[in-house]
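Please treat every number below as a calculation from the coordinates, not as lab data. As the structure is a computational prediction, the values presented were derived from the model and not from experiment. Heads up, the Cβs are rebuilt from the backbone with ideal geometry, glycines too, and the neighbour counts pull from every protein chain shown.
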């Protein structure tokens, strides 16, 4: 009898511990046209199935109105086939077209989310207000007596990702994270708070929760070790979306359906950048590009830091126009660069100093954030006494866009938005959308939006390049290219970059990259520089950048360093067909270019914590070298396939961990067995790029029965090429038996794309066939460096078939 009582007692304690606020009482549930509402004693819930993989839940406390709009969500669909199944104490809410469902427990009240009949998440205390206890790193930034909290139960075995750009380790469980975009100058291996604070949590159980409120606050990922996830905010909507997926790529694709996909960047942005802080004159710009060309080192763009509008760092920010003393003829400079295939990108900031040439104009036109009395809000920071453009105000957005429109009409090809956290944005400032604290985390987001919208209106056929240091959920849909801020020029700085890029790719921001070589400090180490560039080859953006103390450009390095660096730059250009295809995949599905290894092995706990190596697309395995003097390193080879050393051809078995030799010329790089890798010979810049001629590498693997890979191609510059059917997709397939392998090359040509005939050099690795046939006719081939070379004349609208007989 005592045993039975004990069991009942344990059950009651467990039920209550996972239930919501005991004072909350269920009143009624009501079916709506596209969802349902649940009335409880302290407010009501609105719940919608946005599609078969996403449920949106909003709680509206008594006394509040549901009048908030989302800054993140673009998905408009709502399922309407919602059904209820009511039992004595529970109500199941589901759609027949979805494996997701919600279970409402009436007493004690509780909301739970199920996927495939397995509970993945439940509200704990639900909504509550409580005393604010600030984190030490935001004590001067989040200054409020109380906050509003949403609290959830999670299981003890979940690994958690998300929260934006941070350096904390891949598993972010156990941390309370401030949601307050802020730069961390000179960070290395630990950075708890950075420029992109995204209120998104992803679980190793293949679900995600997005808290759809832009106001500053916190994410608590079980910091008290009591299996509780909390979202905490100073104000705003209490809305969240629960997202599920069958795989990691499916989950991330569903999140980007919710918040928007990244449009294709211009193809030149996949090339090499000349960038530093900073070029001080037109003469220096022209000499730098001439040096690249004289030494035949590829380059596609040059980025001008703040000296383009002023001779000094302090006192000139906000001029936003050329300093004609140092840049006497910018129109000719830009025109000459464009003729050489070099794009010009300019830094801009949202701060208008009271000493700048634009100050009075912005005051007169009322484009600045204000005090309560309507006067411009001003404050001091490193660059001077300043105000800030109110990008939320139509007048402010229009004024800022006119600046950009003028520069684009001059020939400028890209925009760099710096300090957009904003770097200093006091609580007393007010915008058209709310107080500084209410809009702080979406300032950079809306700044990117005004630029993207401006391009659509005034330059509708031109793809924008928008380099930004801060953003929010969904910023990727504006074409934002994020970077990881002012990282230390040190080995510690390099060591944090894989984690930051991988995490941000999982959160929709697939173009996260770093200042190659490191930015902050005068640490001079050529080995570090080369290792960073070698890692950068397999990054979304290849952009060396640094303070003036140590040159960032390859052309300004010593002879020995330059020779190795040139190989990295050349490889970057050779991989363009493969890399640009990754960009296409991202634009249509949201899948990141850099992918954690656990995408291949979601149940492998070691892989879930792996941040030292990663997948570049589906077919490359990369192991960056992030310490000095390394001569060997350990590499895990995912069990999905065998792998081949990209440089030597050596085979590594699937599912093994091996010690590999490391050299100074490159970092460990491996190609998936059975895959196709399209490549080009090196270019001077993207103006020379075409697929009239290209190499197609095929990595034969006897254990690979069938494979399929793609190559995407368009003009690289016109917007909406995918939507307008102005592209071609080449598909490469292999089917193998013990006696032969058949390779097939097929093209899907958009109705608005003019395809051309191609000369393809098929390079077959790890294979020694007795004979090769093309379309049934035996053909000759040559051998070179342990590979077989087969020339193929690929006429448009044909499907060559290559048969390898063993």
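Counting only DSSP beta bridges whose two residues both lie in the range 267-595, roughly 35 percent are antiparallel. Its Kirkwood hydrodynamic radius, worked out from the mean inverse distance over all distinct Cα pairs, puts the range 570-642 at 13.8 Å.
For the range 576-704, what does the alpha-carbon gyration tensor say about shape, rounded, prolate or oblate, given a ≥ b ≥ c as the root eigenvalues, a/c under 1.5 as rounded, and a/b over b/c as prolate? It is prolate, given that a/c is not under 1.5 and a/b is the larger ratio. Across the chain, the mean sequence separation of Cα contacts (distance under 8 Å, 6 or more residues apart), normalised by length, yields a relative contact order of 10 percent.
All C-alpha to C-alpha distances of the range 176-255, sorted into 5 Å bins beginning at zero, yield P(r) values of 3, 14, 20, 21, 21, 15, 6, 1 percent in whole numbers.
Highest-first packing order for the peptide set 380-386, 794-800 is 380-386, 794-800, based on the mean count of other beta carbon atoms within 10 Å. Kirkwood radius and radius of gyration were both taken over the C-alpha atoms of the chain, and their ratio Rg/Rh is 0.98. Rounded if a/c is under 1.5, else prolate if a/b beats b/c, else oblate: with a ≥ b ≥ c from the C-alpha gyration tensor eigenvalues square-rooted, which is the range 352-469? Prolate, because a/c is 1.5 or more and a/b exceeds b/c.
Volume per residue for the range 267-595 equals 128 cubic angstrom (convex hull of Cα atoms). Using the alpha-carbon positions of the range 501-581, Rg (one decimal) and Dmax (whole number) come out as 13.3, 40 Å.
Take every pair of alpha-carbon atoms less than 8 Å apart whose residues are at least six positions apart; their mean separation over the length of the range 319-386 yields a relative contact order of 26 percent. Peptides 514-521, 180-187, 159-166 ranked from most to least packed give 514-521, 159-166, 180-187, packing being the mean of other C-beta atoms within 10 angstrom over each peptide's residues. For the chain, adding -39500 (n - 2.57) for each run of n ≥ 4 DSSP H residues and dividing by the number of residues yields -6000 deg cm²/dmol at 222 nm. With the highest mean first, a sort of the peptides 312-319, 786-793, 231-238 on other beta-carbon atoms found within 10 angstrom per residue produces 231-238, 312-319, 786-793. With Cα atoms as the point set, the range 690-805 shows a radius of gyration and Dmax of 15.2, 47 Å. Its residues counted as N, the range 431-487 yields a C-alpha radius of gyration over 2.2 N^0.38 Å of 1.21. Let a ≥ b ≥ c be the square roots of the eigenvalues of the Cα gyration tensor of the range 57-130; is it rounded (a/c under 1.5), or, if not, prolate (a/b larger than b/c) or oblate? Cα axes put the range 57-130 in the oblate bin.
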